[in-house]
Amino acid sequence: RSGDSAEARRLLLQAYEVRFPSPIASPWAKPDRRFTLTLARLEYATGGLEAALRHLEDIGILERAEAEELRAQIEERRGDSAAAVRAYRNFIALWQNADPELQPGVKEIRARLARLAQEPGT
């Protein structure tokens, strides 16, 4: 709420370690997917692009569209337009039939995709 992404990241990592101390101690325990997606967003906000991508590897189907949108933003920031295009296309495929109130977001992603698809090398 304070707008301090670095402090939010620190606290969320601390909570993550308490809740999931070791995959060896409890290999069946998996972090909550919303928790993981939030951590990925905070990593992205604080410049931890590689860490954000690693967190996105463990996202469930219910959060997949949000994860693909974030993955595309990360790849854009990294300068990998082709990977960003793939992620945006994945997002659109998942949300193409989304509820009407979500369609403005899909439209925005289609516009980003169109802009990226026009860049050389994509």
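The values are calculated or read from the model by the stated rules, or taken from the named source; none is laboratory data. Keep in mind it's a predicted model, so treat the numbers as computed, not measured. Here Cβ is always computed from backbone atoms with ideal geometry, including for glycine, and neighbour counts include all displayed protein chains. Surface accessibility is based on the protein's heavy atoms, side chains included, excluding ligands, DNA and RNA. Shrake-Rupley method; radii C 1.70, N 1.55, O 1.52, S 1.80 Å.
Summary of computed values
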{"quantity": "Close pairs from the range 45-58: first at negative phi, partner open to solvent by 30 Å² or more (accessible area, probe 1.4 Å) and hydroxyl-bearing (Ser, Thr, Tyr), Cβ under 7 Å, at least 6 apart", "calculated": "Ala45/Ser5; Thr46/Ser5; Ala52/Tyr44"}
{"quantity": "Residue in the range 61-70 that is surrounded by 14 or more Cβ atoms within 10 Å (Cβ to Cβ), over 19 Å from Thr38 (Cβ atoms) and of a type outside the set (D, E, K, R) present", "calculated": "no"}
{"quantity": "Residue ID - nearest to Arg71 (Cα to Cα), chosen from residues in the range 82-117 that are open to solvent by less than 90 Å² (accessible area, probe 1.4 Å) and outside any helix (DSSP H, G or I)", "calculated": "Ala98"}
{"quantity": "Only listed residue being modelled with pLDDT of 85 or more and open to solvent by 60 Å² or more (accessible area, probe 1.4 Å), chosen from Glu50, Glu17", "calculated": "Glu50"}
{"quantity": "Residues that are part of a helix (DSSP H, G or I), without any contact (Cβ under 8 Å) to a residue 40 or more places away in the chain and surrounded by fewer than 19 Cβ atoms within 10 Å (Cβ to Cβ), drawn from the range 71-81", "calculated": "Gln73, Arg77, Arg78"}
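Yes or no, residue by residue, for (1) of a type in the set (Ser, Thr, Tyr); (2) over 21 Å from Ile109 (Cβ atoms):
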site: Glu50; (1), (2): no, yes
site: Arg54; (1), (2): no, yes
site: Gly60; (1), (2): no, no
site: Ala67; (1), (2): no, no
site: Ala72; (1), (2): no, no
site: Glu75; (1), (2): no, no
site: Val85; (1), (2): no, no
site: Tyr88; (1), (2): yes, no
